[in-house]
């Protein structure tokens with residue numbers, strides 16, 4: 001499995017780029033091929049799809065875009081060829097916001113996304129996109145959410161808790177994190 005390929009764009013097609021890396025030209029399907037320039041080196045984050053009829057590479061300019069793409073293709077009935085145009089038309093924040101707010105009309109503006117698939121996207125992804133773009137793993141986000149729940153359960157306001165979260169050492173156990181957070185809350 002590839003994480004990214006660093007190379008020079010040697011070709012631009014209507015739905016893909018050719019990325020030359022050490023003399024090998026990789027055909028990489030991207031959401032907007034015209035956002036790349038010929039002869040320029042890029043670090044393209046890739047996802048490899050293996051099917052009976054071939055191997056396909058899907059590329060993204062940022063790791064966040066790739067993360068969202070992986071979340072989108074996890075939705076029942078939404079494949080790679082349908083997820084790529086979503087990234088071309090919408091912004092990462094806009095897509096995530098529409099899913100969290102259950103904005104079916106926004107989701108239906110994307111090619112081949114109807115009422116049923118928009119509802120499926122919300123059902124499968126709502127509440128699961130919070131860590132896209134943060135660089136945090138699912139485990140780290142879940143631990144942070146647990147800490148927030150504990151502190152809010154003790155009577156602290158959500159705003160107070162979120163203000164001290166960056167100061168709490170995430171490598172500690174949850175019990176130690178709670179103690180450290182309480183110490184910080186009592187100071188502030």
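The values are calculated or read from the model by the stated rules, or taken from the named source; none is laboratory data. This structure is a prediction, so every number in the text was calculated from the model and none was measured. Virtual Cβ from ideal backbone geometry, glycine too; neighbours counted across all protein chains shown.
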| task | Scan segment 135-163 for residues that are modelled with pLDDT of 80 or more and not in a helix (DSSP H, G or I) and report the count. | result | 4
| task | For residue 131, work out the one condition from (1) at pLDDT 90 or above; (2) in a loop (DSSP other than H, G, I, E, B) it doesn't fulfil. | result | (1)
| When only residues in segment 62-111 that are free of Cβ contacts under 8 Å to residues at least 12 places away in the same chain and assigned to a loop (DSSP other than H, G, I, E, B) count, which is surrounded by the fewest Cβ atoms within 10 Å (Cβ to Cβ)? | 91
| query | So which residues in segment 21-35 are part of a helix (DSSP H, G or I) and surrounded by fewer than 19 Cβ atoms within 10 Å (Cβ to Cβ)? | reply | 34, 35
| field | Boolean, residue 38 is closer than 21 Å to residue 23 by Cβ and either exposed (fewer than 14 other Cβ atoms within 10 Å of the Cβ) or in contact (Cβ under 8 Å) with a residue 40 or more places away in the chain (or both) | value | yes
| Failed criterion for residue 30 (all others in (1) touching a strand residue (DSSP E or B) at 6+ places or on another chain (Cβ under 6 Å); (2) free of Cβ contacts under 8 Å to residues at least 40 places away in the same chain hold) | (2)
| said: Give me the residue from segment 9-20 that is in a loop (DSSP other than H, G, I, E, B) and out of contact with any strand residue (DSSP E or B) (no Cβ under 7 Å at 6 or more places or on another chain) and, out of that set, surrounded by the most Cβ atoms within 10 Å (Cβ to Cβ). | reply: 13
| said: Among the residues of segment 48-61, are any part of a helix (DSSP H, G or I) and in contact with a helix residue (DSSP H, G or I) (Cβ under 7 Å, 6 or more places away or on another chain)? | reply: no
